[in-house]
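What follows is a short report on a single structure.
The values are calculated or read from the model by the stated rules, or taken from the named source; none is laboratory data. All values derive from a computational prediction rather than experimental measurement. With ideal geometry, Cβ positions are generated from the backbone for all residues, glycine too; neighbour counts draw on all protein chains shown. Each accessible area value is taken on the protein alone, full model and side chains, heavy atoms only, with ligands, DNA and RNA left out. Shrake-Rupley method; radii C 1.70, N 1.55, O 1.52, S 1.80 Å.
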Amino acid sequence: MNCWLSAIKYRRSIINASYSTLSPHDAIINIPKANVNRFGDGKYAQPLFRDLTWTVREGESWAVIGKGGGGEKTALFDTLLGRYRLAPHPPPPGGLFPFLISAGRDPFTEVSIVSFGHRKQAGGAFYDYSARYGAVQEEDRLTLRQHMFPETIPPLRMPYDDPGATRELKMTISDEELAVFDDLVARMGLGQFLDLPLIALSNGQTRRARILKAVLKRPQLLLLDEPLTGLDIKTRPLLLDTLHDLHVKKAPRVILGLRAQDTVPDWVDHVAYVQGSTVMTGDKDSVLRRIEHHSGGWQGQMQKGVLTRNSKAHLGSVLIDLKNVKVQYGDRKVLNQLSWQIRQGERWHLVGENGSGKTTLLSLITGDHPQSYTQTRYHPVDSNSNNESHEPASYLRLFSQPRSRLPTTLLRSAIAIMSPELFDAFPRRASMTVWDVIGTGFDGDFVPKGRKGVGSGIGMKVISDNQSMRKGGCEGAMEGQEGWQEEEEWRVGRVWEVLRALGPEAWTEATSETRNLNLSSVAPEGPSDTTRDFAKIPFPSLPLPQQRIVLLMRALVGRAPLILLDEVWSGMDETMVRVAREYLRGESPVSTIGSSVGGGVGPDQAVVVITHWEEELPWNRNEDSGVFRRFRLSGGTGWVEE
Ligand SMILES: Nc1ncnc2c1ncn2[C@@H]1O[C@H](COP(=O)(O)OP(=O)(O)OP(=O)(O)O)[C@@H](O)[C@H]1O
């Protein structure tokens, strides 16, 4: 009883103390000091956050910065959304959001979040994300304008309706709101997309549209988690300026979520830095000074003094050959007379503004785009033909074949991909373990197959100048054929390899201050217990950053001749980004089967990376001049940047 009474006294003292320093009416967020627990956790369970003390006052501009791949930043936002239990809960009368309570507003409707780390809810089944490239289905016809103003969606016409009757569609928003909308649309560069089907918008366009929609709902407080993800360099400052203006006008107040490696905008003056179960809060300079003490940022921690290893690299055969290809929707030309060749051994950076056609181009290469079948056009043989208007000859050759000759299953095993679309669409079945997900990468499947969960083999021969380099993968034997056992063993070994090189062993290794980069000293023994346990975890139960790196392992495991990495770093924490870049550069301290130590991708493989963040590229012109190249898209066309 005494203990109970002292707990009450303790709580009262906190309440009184907090009241003495804080006017409950002016605080936006008020957490005097609390532990954060999951609902239903027992009293001895580890709290998500310990001693969380956080006060946000009117007029301050905050960013929540997350370090670590366990989804800690998301958990802090979820705490604000009432998804976790605060103990003790911030005291009445103001509670967690004093400014709302004092104004008689409901936090449930007045605090919203737009998160780009989160994925749309997909069930256990794979949904076809390539639907976007084809003829737009009736159910996908909703335009961006209709999405913003559902009242402008024409009502269904019934057979018994008077065919002559017209119905007026009226927007129910005021002129003032419409002016705000027009201003935001212009500032976010969305004007030309208002009447396009939502499904047709590019990644960056969709992200801007989601922010716009959230702002139009007029919450009092908007949490924006990683809003710059997937935005091109030109758009980023425009969006940040817009968000700052909105924040200053309190229409709405904005709190940004950033990754530890992101630049903190100048106008942010306060930071909540989340690492593990600790949250450091305070003014920006003092918090950043404190954390700088612990780490120098991932750029600073990259291995220094790497030799120009690839300058004399030998480039192999042409894998992908596009000549004057064109993609057009009605009058809208997205790609026009574009030519590009990808050879074995090359490391490409595919770059261009949002909407310039990068994803469309990749979808031609993967054969997902219906127009990949219709690219081949030759000049008429008849030289007397006076048809002047014909277009130049064009073709799309994938591994020396036209698309129509290549079954999709073969293409999926020869081209490994990780992209935001795949991340959203990949099935999340409770029964699928991390091992299963990685194992689907060999044959490009979406459900586990084979006795050992490493597929059953796809027999595609890809022309190669480096046959000796390839062992296993999509050119290996198929289940039931001679050589399958050897192939299966190779596959199992590869799953362990990527798990060790990119899994929890590597994150711990990479964060350890005593990290030893001397590759020859790395013990050649098998996976640790940590790795074995990680392999057995159900994939959907992993935090999102870990799901992302597992899908990257899936893309790398089969040593496919062509690897496409579209915005793979988004949502990953800095340690994972570093580990993955080192692996791709061949600097991972884990030996690989049939290859030299640390060889992530080989000279027989080509890799295309799409990122708007130059600093995230694993390769650069100085160190990898023989193999690193940049292909830029703009205005429908593309060229190699020398
Ligand atoms: N079905 C369609 N109808 C009309 N336009 C479309 C359709 N599908 C895509 N587009 C347009 O094609 C353009 C290219 O889109 P894509 O997704 O390839 O761009 P991106 O370069 O990958 O952009 P981001 O950097 O934002 O990911 C966009 O402007 C998009 O609106």
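Listed values, structure above:
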read-out	value
Of K43/K449; K73/K234; K213/K536; K217/K333; K213/K333; K284/K536, pairs whose Cα-Cα distance is over 31 Å	K43/K449; K213/K536; K217/K333; K284/K536
Inter-site label distance for T374 and N620 at 7 Å from Cα along Cβ, in nm	4.5
Net length gained if the chain between Y329 and Q481 were fully extended (0.36 nm per residue, minus Cα distance)	50.3 nm
Distance in nm between pseudo-label sites at K43 and K536 (7 Å out along the Cβ direction from Cα)	3.2
Pairwise label distance in nanometres, A430 with I291, each label 7 Å out on the Cα-Cβ vector	3.6
Contour minus Cα-Cα distance for D321 and S400 (0.36 nm per residue)	27.7 nm
Ordering of 175-185, 54-64 by burial proxy (mean other Cβ atoms within 10 Å per residue, highest first)	54-64, 175-185
Pairwise centroid distance, computed over Cα atoms, of the range 402-421 with the range 180-214, Å	31
Rounded FRET efficiency, nearest 0.05, which uses the C-beta distance separating D195 from T408 and R0 of 25 Å	0.15
Percent RCO, i.e. relative contact order, over the range 59-117, from Cα pairs under 8 Å lying at least 6 residues apart	17
Accessible area (Å², per residue) of the range 195-244, counting only protein heavy atoms and a probe of 1.4 Å	35
E72 - accessible surface, heavy atoms, 1.4 Å probe, Å² rounded to 10	40
Under the Karplus curve 6.51 cos²θ - 1.76 cosθ + 1.60, θ = phi - 60°, whole-Hz ³J(HN,Hα) for the range 637-642, x wherever Gly or Pro sits	10, x, 8, 7, 8, 8
Potential extension, V447-I233 segment - 0.36 nm per residue separation minus Cα distance	73.4 nm
Residue list for the range 199-240, given a label point 7 angstrom along the Cα-to-Cβ vector of R105 and an amide N cut-off under 18 Å	212-224
J(HN,Hα) series, the range 490-505, from Karplus relation 6.51 cos²θ - 1.76 cosθ + 1.60, nearest Hz, glycine and proline x	4, 5, 4, x, 5, 4, 4, 4, 5, 5, 6, 6, 10, x, x, 4
